[in-house]
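Before any comments, here is the structure.
The values are calculated or read from the model by the stated rules, or taken from the named source; none is laboratory data. Bear in mind the structure is a predicted one, so any value in this text is a computation, not a measurement. For neighbour counting, all protein chains shown are included, and Cβ atoms are generated from backbone atoms with ideal geometry for every residue, glycine included. Heavy atoms of the whole protein, side chains included, go into the accessibility calculation; ligands, DNA and RNA do not. Shrake-Rupley method; radii C 1.70, N 1.55, O 1.52, S 1.80 Å.
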Amino acid sequence: MVSSGPFRASWIVAVLLAAAPPVLIAFAQDVPEGALAAGQPSPTTGRGAFLHLRALQDIASANGGNRAAGTPGYDRSAEYVAEKLKEAGYVVRFEEFEFPFFEEHAPPVLVMSRPDGSQEPASAGAVRTLANSGSSDVTARLRPVNLQLGAAPPVASTSGCETGDFRDFERGAVALIRRGTCQFQAKVENAVAAGAVGVVIMNEGTDRRTDVFSGQLGQPVTVPVVGVSYAFGSALATAVQADGTATVRLAVNAVAGMRPTRNVVAETATSRDGPWIVVGAHLDSVPEGPGINDNGSGSAAVLEAALRLAQELSREPAQARGRVRFGFWGAEERGLVGSRHHVNTLSEEERRHIALYINLDMVGSPNFVRFVQGSAPTGEGPAAIARRELIAEFRERNLNIEERSGSRFGTDDSSFSQKGIPTMGLYTGAGGSKSEAQAGLFGGAAGRPFDPCYHQACDTIENIDRDVLEQNTHALVRALNAVTIVAPGLGPPNQKAGDLSEPKL
């Protein structure tokens, strides 16, 4: 672990609930004592979550407009969350780690040069740099690599996945590759091995893979790498076919390296043995904006649920509840780094005693769908209880939901499920489009993104549906109250991991 900024790994706040007398918990807004029946969400729960969002917005506004990992905005966000949890009586610690970062100093440049000397620069926004791209400015011939264009509709692509795709590749050229089948990293490494000085990856053209896209390479590379839409890539391929000597200028101005950051981890203080329930959300934003929906909304809901659980704990003996851990993960937007660090540093015995992980990522989307995610467990274990209570909360309020089965959904839940830990989560949608059927059930606009400000500067406090934020917070509080009640004979899970999906980046 690496220490940086005002926090160090040795700075651990420990407040033992069992030893402390009952105190007034510090909430985002005052709630009259006794206004809540035991085990039931407070009517003001969601409004408390929204006030946490206002605090995160203020932090972003005062720190360059974002809360990205490794920045002052993220450090202040972690400080805010830690202080609230400390006041509520949790044992709080910071888990420090390093993550690979990538920052662009200027937008990428892609210019096509014709044989007659004319030049056609790509329009603004038509080209996006892949994270971990090399930084350089090259001018060279453009050479397509096994694009397999022409099918209607387009079929899945293996372009660049095999070294044989580059058998006749011209060394010193820029490779035009089509997305699909294998990782970006494999395509780019094959291109570099064949002598490419740059790589342009066009989208695949299949369902939902047509537009210009962003992505991330698993490891830094030495050549510039950008993504373009299927239509733009097809036009580049046509230009090469037409004159055979098409030349492009490809430029990326960026810097890569390692930076320190931290997770915030809080636990109930209890000496009893038994399984852990872990609830988490990533706290960092992308550099482009303050990340109030992605994922201030999930962090705010988890924080408010933790404060509400602390209120319940102050009313009853600590041994009446199971062990609960809250995680606010750093560097999720850099590849799930924080949650993976947390899970990987646990011993096998510690991981085996995690009975359930509940994840909240984006729970206030303005064009929302109420997704309840995770496998449908059987029996009366924590996963089955939590899922039942989440669904019951929505149904009793006559709120439609859409259940998504599986064990991994491309965010921090993947870090847990790949270790065999049961997961579930709440989610209201990111950059994907709402279907007609979903619009009929949930309202909103079909054919439009669930979150039109996903990974953009406009992901501000104005980008939140306060009602759906409140509904998801209520559901989490109810599930957490139910699942943390100690059940005799409750043991740790024994489950094999499933397949890992692509991260939500």
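Applying 1/(1 + (r/R0)^6) with r as the Cβ-Cβ distance of Leu51 and Arg141 and R0 = 60 angstrom yields a FRET efficiency of 0.55. Approximating the spin labels as points 7 Å out from Cα along Cα→Cβ, the Thr158-to-Ala235 distance works out to 3.1 nm.
I'd like the antiparallel share, as a percent to the nearest 5, of DSSP beta bridges with both residues in segment 127-239.
Of those bridges, close to 15 percent are antiparallel.
Here Asp116 sits with roughly 120 square angstrom of accessible surface, probe radius 1.4 Å. The apolar share of the surface of segment 422-479, taken as the fraction of accessible area on carbon and sulfur atoms (1.4 Å probe, ligands and nucleic acids excluded), comes to 49 percent. Rounded to the nearest 0.05, the FRET efficiency derived from the C-beta distance between Arg171 and Arg208 at R0 = 35 Å is 0.50.
Computed on segment 227-357, with alpha-carbon pairs under 8 angstrom and 6+ residues apart, the relative contact order is 34 percent. Rounded to the nearest Hz, the phi-derived 3J(HN,Hα) couplings of segment 102-117 under the Karplus curve 6.51 cos²θ - 1.76 cosθ + 1.60 (θ = phi - 60°) are 8, 10, 8, 9, 7, x, x, 10, 9, 10, 8, 10, 8, x, 7, x, where x marks glycine and proline.
Normalising the Debye intensity of segment 395-468 to I(0), with uniform scatterers on Cα atoms only, and taking log10 at q = 0.12 Å⁻¹ returns -0.44.
Net charge in the neighbourhood of Ala126 (other residues with Cβ under 13 Å of its Cβ; Lys, Arg +1, Asp, Glu -1) is -1. Largest accessible area first, the residues Asp168, Asp58, Asp243 order themselves as Asp168, Asp58, Asp243 under a 1.4 Å probe with ligands, DNA and RNA left out. Beta bridges assigned by DSSP with both partners in segment 54-203 are antiparallel in approximately 25 percent of cases.
Subtracting the Cα-Cα distance of Ala457 and Ser435 from 0.36 nm times their residue separation leaves 5.4 nm of extension gain. Need the C-alpha centroid separation for segment 298-316 versus segment 78-149, integer Å. The distance from the Cα centre of segment 298-316 to that of segment 78-149 comes to 36 Å. In the context of the full set of protein chains, segment 39-135 has a per residue accessible area of 39 Å² (1.4 Å probe). Shape descriptor for segment 84-163: Rg over Rh equals 1.22 (Cα atoms; Rh from the Kirkwood inverse mean 1/r). Accessible area per residue for segment 223-337 is 24 Å², calculated with a 1.4 Å probe on protein heavy atoms, without ligands, DNA or RNA.
Per-residue extension of 0.36 nm, minus the Cα-Cα distance of Glu103 and Asp467, leaves a gain of 127.5 nm for this segment. Coupling constants for segment 352-357 follow from the phi torsions by the Karplus curve (6.51 cos²θ - 1.76 cosθ + 1.60, θ = phi - 60°), and in residue order they are 5, 8, 8, 7, 6, 10 Hz; glycine and proline get x. Extension gain for Arg404 to Lys86 (0.36 nm times residue separation, less C-alpha to C-alpha distance): 111.0 nm.
Phi angles across segment 300-315 convert, under the Karplus curve 6.51 cos²θ - 1.76 cosθ + 1.60 with θ = phi - 60°, into 3J(HN,Hα) values of 5, 5, 5, 4, 5, 5, 5, 5, 5, 5, 4, 5, 5, 5, 6, 9 Hz, Gly and Pro given as x.
For Gly198, the residues 5 or more places off, or on other chains, whose built amide H falls under 5 Å of its own are Ala175. Solvent-accessible surface (1.4 Å probe) assigned to Val265 amounts to roughly 0 Å². Please state the shape class of segment 47-102: rounded when a/c is under 1.5, otherwise prolate if a/b exceeds b/c and oblate if not, all from the C-alpha gyration tensor. Here segment 47-102 falls in the oblate category.
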